[in-house]
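Trainee: Following this message is one structure expressed as structure tokens.
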Amino acid sequence: MFSHKPTTREEVQREIDSLMRALDELKHDASRDSRHRLNSLRSRAESLWHDQHWDEHYADLSRRTREASRAARDCAKEHPLGTLALAAGAFALIGYLVSRR
């Protein structure tokens with residue numbers, strides 16, 4: 001089934017050296033990719049930090065959040081039974097998912 005080839009100490013040492021070189025190359029590639037990703041993330045964070053319209057974005061997001069909250073509240077007032085059924089269904093689904101673990 002398995003063929004056993006006699007190996008010498010030198011062959012084993014060459015194989016170990018080859019594996020060590022391959023690991024060093026892999027480590028170098030991984031390090032280069034990590035540095036690239038870190039630099040990309042850093043530049044994106046810096047661009048967001050220096051964004052001149054940050055306050056406008058925050059105000060717009062805050063306004064949209066308030067509008068969505070108001071619309072959800074109004075919908076719940078207009079359709080109380082539907083809202084109750086939706087909430088009960090959501091809780092039942094969450095309970096089912098949690099109980100499966």
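Just so you know, all these numbers are worked out from the coordinates, no wet-lab data involved. This one's a predicted model, so the numbers in the text were calculated from it and none came from an experiment. Cβ atoms come from the backbone with ideal geometry, glycine included; neighbour counts cover every protein chain shown.
Trainee: From the residues in segment 58-98 that are surrounded by 10 or more Cβ atoms within 10 Å (Cβ to Cβ) and of a type in the set (Phe, Trp, Tyr), which one is farthest from LEU48 (Cα to Cα)?
Mentor: Here the answer is PHE91.
Every residue, every condition in (1) exposed (fewer than 10 other Cβ atoms within 10 Å of the Cβ); (2) more than 30 Å from THR83 (Cα to Cα); (3) of a type outside the set (A, V, I, L, M, F, W, C); (4) over 26 Å from the mean Cα position of the chain (by Cα), yes or no:
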residue: ASP17; (1), (2), (3), (4): no, yes, yes, yes
residue: SER34; (1), (2), (3), (4): no, yes, yes, no
residue: LEU41; (1), (2), (3), (4): no, yes, no, no
residue: LEU48; (1), (2), (3), (4): no, yes, no, no
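Trainee: Given the criterion touching a helix residue (DSSP H, G or I) at 6+ places or on another chain (Cβ under 9 Å), assigned to a helix (DSSP H, G or I) and among the small types (Gly, Ala, Ser), identify the matching residue among GLY95, GLY89, GLY82. Walk me through it before giving the result.
Mentor: On the way: GLY95 fails: touching a helix residue (DSSP H, G or I) at 6+ places or on another chain (Cβ under 9 Å); GLY89 fails: touching a helix residue (DSSP H, G or I) at 6+ places or on another chain (Cβ under 9 Å).
Criteria check complete, one pass: GLY82.
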